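The values are calculated or read from the model by the stated rules, or taken from the named source; none is laboratory data. No experiment lies behind these values; they were computed from the predicted model shown. Glycine also receives a Cβ, built like all others from the backbone with ideal geometry; neighbour counts cover every protein chain displayed.
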Amino acid sequence: MQLAVPDSSQIQSGASNLAGDNSIALAVADLRTSSVVSGQTASQYHAESAFQVGEQISYATAQRDAAQQMLDSMNKQRQSVEGVSIDQEAANLMQYQRAYSAAARILTAIDEMLRTAMTIGASTTG
Amino acid sequence: MRADLSLTSNLVDAIRNAKETQDEAIQQLSSGKRLRSISDDPAAAAQLIGLHSSSAALDAYTAGTATVRARFAAADSALATGVQLATRAVSLAVSGSNGTVSAAERQSIASELQGVQDQLLATANSQFNGRYLFSGEADSSPAFASVNGAVTYQGSHPATVEIADGVQIANGQAGNALFGSDGSNIFDALSGMIQSLSSNSSPQNSVAALQSSLNQLITKRVSYGSAMSAMDDAVTSATDSKQRVDTEQNQIDGADMTTAASALTQAQVAQSAASAAFSKVASMSLFDYLPR
């Protein structure tokens, strides 16, 4: 950082040209306790603005959190409807596999029966 | 049950919450401050801004008053020398007024008085940090100048300094209030006396003038002592106020270290529990039990 006025003696501290005149510096110092914005001191105004902005942020954050919670709960509801249960599907799969095996067994049985039936004629005529 | 996905998302939430709590606790422990943003507690933030402003003003008053006080101490010690010189001058004048004193003795008293006058002028033009102590606001030039034997005041009235809220004091005394106005100052009294003695006459009239100049110097010097004790009081009171402001700031913004530390531990436990549960749940499914 570079100072615009490197030497304090270059600051005009008083209304006159006398070196020890500090009337301007005193007036500047007075600003701290003077009503400069909306009937308030700069510090009061700063504090009030910070309070208002802080309240707004806090309100907006609470609203965002509420909306987020709503969204989360909706998502969960949706998932409970559209989502698949891996365990349920695995159980189903097992069931279908068993059904398939059973059906395949029946087919095998029919096939064996037909095969046996067809050999009946062959042995008597042969 | 179809809540597989929401179960994992619940665990992710739990882990995220635990991390947030940890971050907050670590922030509080490392900074010692409770508030991270003005939205954490807007009313407290507003109070802190006011307190910060008071605190800065108190620091400025303390530092500024120390500078002024150093200047007053230098001035007071210069005035102590001035009072000594003036007292010496009065006693010389009294012995010079004695009827039995010879012309030669008067001559030697006159030359000694000349020396006293020179020293007194140098004292009245004392400097501190390159500024003349008794020139009022015009402190870049000497308070008194001797032109053709007449010593006149070159300065102005003293500036005002603020040592506490609404407490303003004069930045010392003007040289002409201490050493007398032009035409009737202590230097004129000394010159008159030196003239009388040199012409071998009794400096009777000048003795009274010198005595009253000395009294004026003594009286006015007292103001430096009382101003310095006022400054000491102001600094003491500023230090007390600063302490109160610091305490109040700490009450508003100071983190409760014990609470923060235990919150951190709890959050760490919660995070590792949720992470462990996550790894279990994520790896667990009926498929693991199906023959491949």
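Here is how the numbers come out for the structure above:
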quantity	calculated
Flag if B:Asp23 is surrounded by fewer than 14 Cβ atoms within 10 Å (Cβ to Cβ), assigned to a helix (DSSP H, G or I) and touching a Lys or Arg at 6+ places or on another chain (Cβ under 8 Å)	no
Pairs with Cβ under 6 Å, 6+ apart, first in the range A:78-95 and facing chain B (nearest Cβ under 8 Å), second in a helix (DSSP H, G or I) and loosely packed, with under 14 Cβ neighbours inside 10 Å	A:Ala90/B:Phe287
Enumerated helices (runs of 4 or more DSSP H) restricted to the range B:146-253, each holding at least 1 residues that are surrounded by 14 or more Cβ atoms within 10 Å (Cβ to Cβ), touching a Ser or Thr at 6+ places or on another chain (Cβ under 9 Å) and within 14 Å of chain A (Cβ to nearest Cβ)	B:175-179, B:204-253
The one condition in (1) at pLDDT below 95; (2) part of a helix (DSSP H, G or I) that B:Arg71 fails to fulfil	(1)
Filter result for B:Gly99 (assigned to a helix (DSSP H, G or I), farther than 22 Å from B:Asp232 by Cβ and either out of contact with any His (no Cβ under 6 Å at 6 or more places or on another chain) or away from chain A (no Cβ under 12 Å) (or both))	no
The range B:45-78, residues that are crowded, with 17+ Cβ neighbours inside 10 Å, facing another protein chain (nearest Cβ under 10 Å) and of a type in the set (A, V, I, L, M, F, W, C)	B:Ala45, B:Ala46, B:Leu48, B:Ile49, B:Leu51, B:Ala57
Residue count for the range B:131-145, restricted to those that are free of Cβ contacts under 8 Å to residues at least 12 places away in the same chain and more than 9 Å from every other protein chain (Cβ to nearest Cβ)	1
Residue check for A:Met118: away from chain B (no Cβ under 14 Å), out of contact with any Cys (no Cβ under 7 Å at 6 or more places or on another chain) and assigned to a helix (DSSP H, G or I)	yes
